[in-house]
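For reference, the structure is listed below as structure tokens.
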Amino acid sequence: MLRAWSSADVRAAEAPLLAAGEPLMDRAAFALHVEVVRLLRAHRRERRVHGARVVVLAGGGANGGDALHAGALLARRGAAVTAVLAGERAHAGGLAAARAAGVRVLGDVAVGDAVVGDAVGPDDEGDEPGPLVCDALAGADLVLDGLVGIGSDGSGLRGLARALVAAVPTGTGGGHRPVVVAVDVPSGSGVDDGRVAGDVLRADVTVTFGAPKPGLLLPPASGLAGQVVPVDIGLTLPAGGVAVGRLEGADVAALWPVPGATSQKYARGVLGVVCGTTRYPGAGVLATSAAVLAGVGMVRFVDERDERDERDERDERDERDEREDPAAPPRPAGPLATAVLAARPEVVVAGAVGDGRVQAWAAGSGVDPADPARRRDVAAVVAAARDGVPAVLDAGALDLVTEGLGAHVVLTPHAGELARWLADRGERVGGVPVDRDAVEAEPWRWARRAHDLSGATVLLKGATTLVVGAGGSTWSQADGPAWLATAGSGDVLAGVVGALLAGRAEDVVADPALAARLAAAAALVHGRAAHHATPGGPVSALAVAHALPAVVADLLAQDGAPAVRDCPA
Ligand SMILES: NC(=O)C1=CN([C@@H]2O[C@H](COP(=O)(O)OP(=O)(O)OC[C@H]3O[C@@H](n4cnc5c(N)ncnc54)[C@H](O)[C@@H]3O)[C@@H](O)[C@H]2O)[C@@H](O)CC1
Ligand SMILES: [K+]
């Protein structure tokens with residue numbers, strides 16, 4: 001599990017160690033230089049550090065200090081290092097180490113009484129990179145972004161720092177682009193909330209100290225961090241202070257409901273499904289297939305009834321009453337259930353919500369809000385969820401969701417659906433109703449808001465999926481390829497979430513925070529199934545569902561979970 005701590009928690013953990021004289025910056029800089037050495041060896045044709053051209057962008061705080069110390073270590077290993085000082089001051093220790101190691105320093109920065117380096121800009125303003133800086137950046141093998149770390153004021157980069165970021169070659173049109181390593185965080189990104197205000201240099205790798213910060217896991221900033229490499233510098237972080245986490249395979253294996261030797265299908269969990277309509281049966285097939293293939297004990301699929309069906313049933317019931325014959329004859333499956341049965345003959349068809357017991361529900365995928373018959377079934381599921389039955393509510397169920405649900409209910413909107421749901425409840429930003437762009441700019445903020453308003457666990461679908469559950473516990477999963485943004489993909493995810501809720505229904509009711517972990521686990525397995533179905537290529541939603549058994553088996557085998565057991569804690 002990857003866990004992020006807020007910058008305040010990290011600072012609080014650093015304080016006693018700094019007071020005791022622990023060399024935290026030396027540890028950080030050493031680990032940073034080791035990662036840079038690895039990258040230079042991997043990326044340079046010469047496969048070595050000697051002669052590599054490294055540019056250090058150094059701000060005036062300790063983040064710049066880390067970068068300058070790392071630059072000094074690289075220079076001592078034979079790299080040609082140029083440091084560009086972007087702040088009104090420079091980290092004195094870092095600058096001294098860099099100069100002593102032979103780093104070329106560019107910048108108009110006063111250190112003590114001395115002015116060091118060359119003028120950066122063509123004018124005295126100093127907020128335009130000059131030709132020396134531009135040449136260094138154009139020829140760099142690797143750029144270290146040490147402009148700002150957790151000391152960022154969150155308003156986006158200013159002045160020369162901003163101009164330097166803009167001057168780093170982006171490689172567009174097939175041109176040269178250096179490897180970019182962010183020091184602690186990509187400079188100027190929202191350290192604690194993942195917001196991106198202004199230009200941020202996109203990193204290939206972020207080497208982060210003490211613990212990952214929330215912004216490294218939260219979109220949109222997480223999309224600029226590249227691979228996150230956490231470095232242990234000896235901090236003791238508060239046990240309860242986790243802001244955001246990311247599940248890994250072993251965590252998911254430990255959560256997955258695995259049957260024991262004596263388990264039977266009812267005890268293993270029955271999922272009731274109200275997805276798809278006669279007109280659009282696909283979502284019913286996909287959600288059901290996903291639930292079955294994710295390993296649920298049984299699916300009870302609620303068939304669609306139109307008004308004529310209901311009238312016939314009423315007449316039939318009246319006739320039976322007259323004959324005093326209580327046994328209802330089995331009703332033939334309608335066209336929707338027939339389509340679902342053709343794909344998944346394991347499914348049991350029910351005539352209505354409430355016909356037969358279920359441990360959890362999946363409802364709303366592929367249900368048109370304008371379809372009155374199917375909507376009645378969805379509304380019945382929402383009512384059951386309100387009464388305490390775990391449920392995943394998707395697409396056509398979302399607008400029936402109001403406040404007062406519990407975290408045992410998982411909502412699965414995408415950004416547009418979440419925006420609509422929030423706007424319908426009067427949520428505004430900048431004086432206008434929340435829209436899709438607002439949700440995409442601050443997905444964590446709005447997912448938390450939806451959780452606060454509904455009481456439900458909120459799974460916000462996207463390239464990075466966020467799950468906010470009881471107490472604001474947040475999981476961020478980025479496990480799938482971009483190809484997963486395809487029709488029907490959300491129906492499959494709803495089926496997997498439903499399977500997990502049904503398989504661990506009692507635990508979900510007992511532990512309010514569990515539904516969020518299960519929803520995050522579903523997102524991980526869904527993403528991995530897409531990779532597994534077509535590595536590197538386009539993928540269909542049904543292929544994702546079909547890849548589920550192999551992915552779950554891999555997880556359970558590779559991550560050391562026992563082969564047979566009952567539901568784990
Ligand atoms: N305190 C320590 O000994 C340690 C600190 N560490 C490093 O120190 C960093 C935190 O250092 P600081 O607290 O000095 O702060 P930072 O170095 O992160 O940021 C402060 C500097 O950034 C400038 N700045 C802030 N917002 C800006 C903006 N929007 N545009 C341009 N410049 C801006 C400030 O003027 C100041 O020069 C961590 O991120 C980490 O890299 C690590 O070395 C671990 C140990
Ligand atoms: K940085």
DSSP beta bridge pairing in region 250-558, given as percent antiparallel to the nearest 5: 30 percent
Whether region 254-322 is rounded, prolate or oblate, judged on the alpha carbon gyration tensor where a/c under 1.5 counts as rounded: oblate
Rounded to 5, percent antiparallel among DSSP beta bridges of region 388-487: 60 percent
Qualifying GluC sites (Glu not before Pro) for region 399-442 [loop in DSSP, other Cβ within 10 Å: at most 14]: Glu403
Ranked Ser476, Ser6, criterion: other C-beta atoms within 10 Å, fewest first: Ser6, Ser476
When the chain is reduced to its Cα atoms, the Kirkwood hydrodynamic radius in Å: 25.9 Å
Given charges at beta-carbon only (K, R positive; D, E negative), |dipole| of the chain in Debye: 1640 debye
Ranked list, fewest to most other Cβ atoms within 10 Å of each Cβ, for Trp361, Trp256, Trp444: Trp256, Trp444, Trp361
Table column - 3J(HN,Hα) (Hz), region 363-368, Karplus curve with 6.51, -1.76, 1.60, x for Gly and Pro: 9, x, 4, x, 9, 6
DSSP beta bridge pairing in the chain, given as percent antiparallel to the nearest 5: 25 percent
For q = 0.13, 0.14, 0.15, 0.19 Å⁻¹, Debye-computed log10 I/I(0) when each Cα of region 210-298 counts as one equal scatterer: -0.77, -0.82, -0.85, -0.95
Calculated diffusion of region 2-244, Stokes-Einstein form, Kirkwood radius summed over Cα pairs, 25 °C and 0.890 mPa s, µm²/s: 139 µm²/s
Cleavage-rule hits, trypsin sites (Lys or Arg not before Pro), region 343-380, DSSP coil, Cβ neighbours within 10 Å at most 13: Arg357
Total formal charge among the other residues, if their Cβ is under 15 angstrom from that of Gly93, Lys/Arg +1 and Asp/Glu -1: 0
Of the trypsin sites (Lys or Arg not before Pro) in region 380-487, those whose Cβ has at most 16 other Cβ within 10 Å and which sit in DSSP loop: Arg425
Burial ordering of Asp435, Asp303, Asp371, fewest other beta-carbon atoms within 10 Å first: Asp435, Asp371, Asp303
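Every read-out reported here was derived from the displayed coordinates using simple, explicitly stated rules and does not represent laboratory data. From a predicted model like this one, the values you see are computed outputs, not experimental measurements. All Cβ positions, even for glycine, are placed from backbone atoms using ideal geometry, and neighbour counts span all protein chains on display.
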